[in-house]
Amino acid sequence: MIALVANPTRAVYAALVATLAIGWVLVAFDGGTFTLNDMVGIQQRSAALGIVAVGQTLAILAGSLDLSVAYLISLVSLVAAETMAGQPSNILTAVVAALGVSALVGLVNGIVITKLKVHAFIATLGVALVIRGVLDHLYDGPAGRVPVEFQQLGYARIGPIPVAALLWAAVAVAVWFLLRRTRLGNRIYAVGGDVEVARLSGVRTDRVVIAAHVLCSLCAGVAGLLLASRLGAGAPTVGTDGGYDLESIAAVVLGGTALAGGRGGVAGTVGGVLLLAVLDSVFNQLEVNSFFKDVVRGVVIVVAVAVYARRTGRRAS
Amino acid sequence: MKRAIPIFLVLAGLLVAIAAANPFFLEPAGFLAFLKRVAPLAILAAGQYFVIVSGEFDLSVGSLVTVEVVVAARLIDGDESMTWPVLALLIVIGLLVGLVNGLVTTKLRVPSFITTLGAMLILSGAVFLWTGGAPRGALSQGFRVFGREGVWAVLILLVVVTTAVLLMRADFGRTLVAVGDNEKAARLSGVRVDRARVLAFMISGLSAAIAGILLGGFAGVSAQVGQSLEFQAITAVVLGGVVLGGGRGHVVAAIAGAFTLEALFTLLNLHGISGALEYAVQGVIIIAAVAAGGLRLPALRLSPSKV
């Protein structure tokens, strides 16, 4: 089982190293250079997606998925920026409010899925529509103001490393610890693996799924805070413009986590996000058409999952 | 079919409410306009139904609709004589995309959620790479007549519905439901599971081609013409009581789901809840409808293993 989980993770990191190497050569041939600054830029850009994807990993491992994260990110950026209203003294209140809203949305997702027995796809799509309606009703454009102090989160660096990347790393390590070292983590794998077996083994499966969704939404909330600090304001389209819903699911699956749940982990997801980010910045350096990027991204995701399917298939048979 | 009764009651209620708020709806012209508006989504829902009942998803139909419209506009470029060859090409594109989706899902064993998500990225990326970022060219009058003239749209819708019902009554339909219900059992009883699923994806691709042809005439050429149609189609199918994960539900109910969704939009518009809160109401109603269906049938699984 452990070897099976480790395999796709190793594969995605191998692909990451290969992409970096090939990218570096291509960029060098093109007459450019791939500097430390570009590497830092990669982390900077991927931090928000990375944090969302780590949360999405929890939902998917539990056998669920969350399509509401993109609109939640927009909502959180607005809640945070409006509460701060440019005052540094409001930062703490704003962060608490933003995370509170996120947890609430996650709770609703989890309860609708487990108690009302609505398929996760429909439940989170419905919640996404509700948030979208509220956003469209209340906001026409960017609102609120983020004080300069909080903008440090998005732009400051400690040495060469952006604070945003450290935040991503912290979230990833926390979730890794949760999954590998805690009872809840074990139960998330159990429920995602086989919900009936988990129930018969005495796991309160509903609670586990709800917890996974609350944590997933909290991660989206953290990403929303990060994006608000970058923009200096809240924006009703920041989440959907980034395509964080489907993109985060793609990154998780690229990282070798099975969409059916129960198999995979955070390490793979981090690799998947980095792979997407490296592809992106290599294409930027080569000034490749952005539509071509979409085509390549689509091919990479499908091919990667096809490769994982072959590996797991061979081991199972 | 018993599962489908609630959706017809809800649809009837919505239609009565619309008629009460806007008597024009009861006149032939008013009702024809409604049918014309519903037709593309109803056709997409019919196609999506085949994929969903076999236990899969097709997220690529929205992009595929955009691709069909953009390709048609660029190739026809206002030239009437190009209308029929391009129409034929569009149908081929739809079938081909479905074939690829189906083969990747069954032979390479990629979950259809990912296959069609990838197809979504590839299709929209490729078509705008080809046209340089924005739709170009124009549709011919002969092309636009299908989406513009209510009679044509209704006729096409009727043909699609009839074909879908006949397909589901034929061996193919029963095979497909069996595959969605219990893949292993179907395989052991000699059903060619992969072939059934590939055909389902091809039907979905074909329905996206037809919906694209209608929408090109109805809504015109734009880069957003197919946006989020995949979610609307899936929502419509699920509203019709078809279970995500496969094996249960009726195609007529799925089409009724599309009618219900469109009737809901119409009613919300009539009561001035347009744009802003429309989405919120839509979200609540979708969850409520599926929850109501799920509570009566506790067998609805949280995470179908096929996802």
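The values are calculated or read from the model by the stated rules, or taken from the named source; none is laboratory data. Treat the numbers as computed from the prediction; the structure is a model and nothing was measured. Please note: Cβ atoms are built from the backbone with ideal geometry, for glycine as well, and neighbour counts cover all protein chains shown.
The single residue among A:Leu116, A:Leu92 that is more than 10 Å from chain B (Cβ to nearest Cβ) and either free of Cβ contacts under 8 Å to residues at least 40 places away in the same chain or buried (at least 24 other Cβ atoms within 10 Å of the Cβ) (or both) turns out to be A:Leu92.
Give the residues of region A:160-177 that are surrounded by 18 or more Cβ atoms within 10 Å (Cβ to Cβ) and among the hydrophobic types (A, V, I, L, M, F, W, C), sorted by residue number.
A:Val163, A:Ala164, A:Ala165, A:Leu167, A:Trp168, A:Val171, A:Ala172, A:Val175, A:Trp176
The set of residues in region B:135-155 that are crowded, with 21+ Cβ neighbours inside 10 Å and either more than 18 Å from B:Asp77 (Cα to Cα) or within 14 Å of chain A (Cβ to nearest Cβ) (or both) comprises B:Pro135, B:Ala153. Pairs only if they're at least six apart or on different chains, beta carbon under 8 angstrom, first in region B:9-21 and over 13 Å from B:Phe31 (Cβ atoms), second of a type in the set (Gly, Ala, Ser); list them, first residue then second. Listed pairs, sorted by first residue: B:Val10/B:Ala289; B:Leu11/B:Ala256; B:Leu11/B:Ala263; B:Leu14/B:Ala263. What do you reckon, is A:Leu129 farther than 15 Å from A:Ala220 by Cα, at the interface with chain B (Cβ under 7 Å from one of its Cβ atoms) and surrounded by fewer than 24 Cβ atoms within 10 Å (Cβ to Cβ)? Against the criterion (farther than 15 Å from A:Ala220 by Cα, at the interface with chain B (Cβ under 7 Å from one of its Cβ atoms) and surrounded by fewer than 24 Cβ atoms within 10 Å (Cβ to Cβ)), A:Leu129 does not qualify. The number of residues in region B:105-134 that are more than 10 Å from chain A (Cβ to nearest Cβ) and small (Gly, Ala, Ser) comes to 1.
For (1) modelled with pLDDT of 95 or more; (2) touching a helix residue (DSSP H, G or I) at 6+ places or on another chain (Cβ under 6 Å), each residue gets a yes or a no:
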{"position": "B:Leu206", "(1), (2)": "yes, yes"}
{"position": "B:Ile210", "(1), (2)": "yes, yes"}
{"position": "B:Ala219", "(1), (2)": "no, no"}
{"position": "B:Ser274", "(1), (2)": "no, no"}
{"position": "B:Tyr279", "(1), (2)": "no, yes"}
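Answer with yes or no whether A:Ala103 is of a type in the set (Gly, Ala, Ser) and surrounded by fewer than 14 Cβ atoms within 10 Å (Cβ to Cβ). Judged against the criteria, A:Ala103 is not a match.
The set of residues from region B:105-119 being at negative phi and either surrounded by fewer than 23 Cβ atoms within 10 Å (Cβ to Cβ) or small (Gly, Ala, Ser) (or both) comprises B:Thr106, B:Lys107, B:Leu108, B:Pro111, B:Ser112, B:Gly118, B:Ala119. Quick check: anything in region B:85-104 facing another protein chain (nearest Cβ under 7 Å), out of contact with any His (no Cβ under 8 Å at 6 or more places or on another chain) and not in a helix (DSSP H, G or I)? No, there is no match, as no residue in region B:85-104 is facing another protein chain (nearest Cβ under 7 Å), out of contact with any His (no Cβ under 8 Å at 6 or more places or on another chain) and not in a helix (DSSP H, G or I). None of B:Gly55, B:Gly47, B:Gly30, B:Gly125 is buried (at least 24 other Cβ atoms within 10 Å of the Cβ) and either modelled with pLDDT of 95 or more or assigned to a helix (DSSP H, G or I) (or both) except B:Gly47. Scoring A:Leu135 on the criteria (1) in contact with a Pro (Cβ under 7 Å, 6 or more places away or on another chain); (2) surrounded by fewer than 20 Cβ atoms within 10 Å (Cβ to Cβ); (3) within 14 Å of another protein chain (Cβ to nearest Cβ) leaves a single failure, condition (2).
Yes or no, residue by residue, for (1) more than 14 Å from chain B (Cβ to nearest Cβ); (2) assigned to a helix (DSSP H, G or I); (3) within 25 Å of A:Pro88 (Cβ to Cβ):
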residue	(1), (2), (3)
A:Glu149	yes, yes, yes
A:Leu153	yes, yes, yes
A:Ala164	yes, yes, yes
A:Ala169	yes, yes, no
A:Trp176	yes, yes, no
A:Arg187	yes, yes, no
A:Ala190	no, yes, no
A:Ala198	no, yes, no
A:Val222	yes, yes, yes
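Among the residues of region A:229-239, none qualifies, meaning not one is touching a Leu at 6+ places or on another chain (Cβ under 9 Å), at pLDDT below 90 and surrounded by fewer than 24 Cβ atoms within 10 Å (Cβ to Cβ).
The sole residue among A:Gly159, A:Gly86, A:Gly144, A:Gly100 that is more than 14 Å from chain B (Cβ to nearest Cβ), more than 21 Å from the chain's Cα centre (by Cα) and without any contact (Cβ under 8 Å) to a residue 60 or more places away in the chain is A:Gly159. The criterion of at least 1 residues that are within 29 Å of A:Tyr139 (Cβ to Cβ) and not β-branched (Val, Ile, Thr) is met, among helices (runs of 4 or more DSSP H) falling completely within region B:182-283, by B:193-219, B:229-239, B:251-270. Just checking, how many residues over region A:240-265 are among the acidic types (Asp, Glu) and either more than 28 Å from A:Leu153 (Cβ to Cβ) or surrounded by fewer than 24 Cβ atoms within 10 Å (Cβ to Cβ) (or both)? The qualifying residues number 2. Only one of the numbered conditions (1) in a helix (DSSP H, G or I); (2) over 26 Å from A:Ala143 (Cα atoms) is not met by A:Val118, and that is (1).
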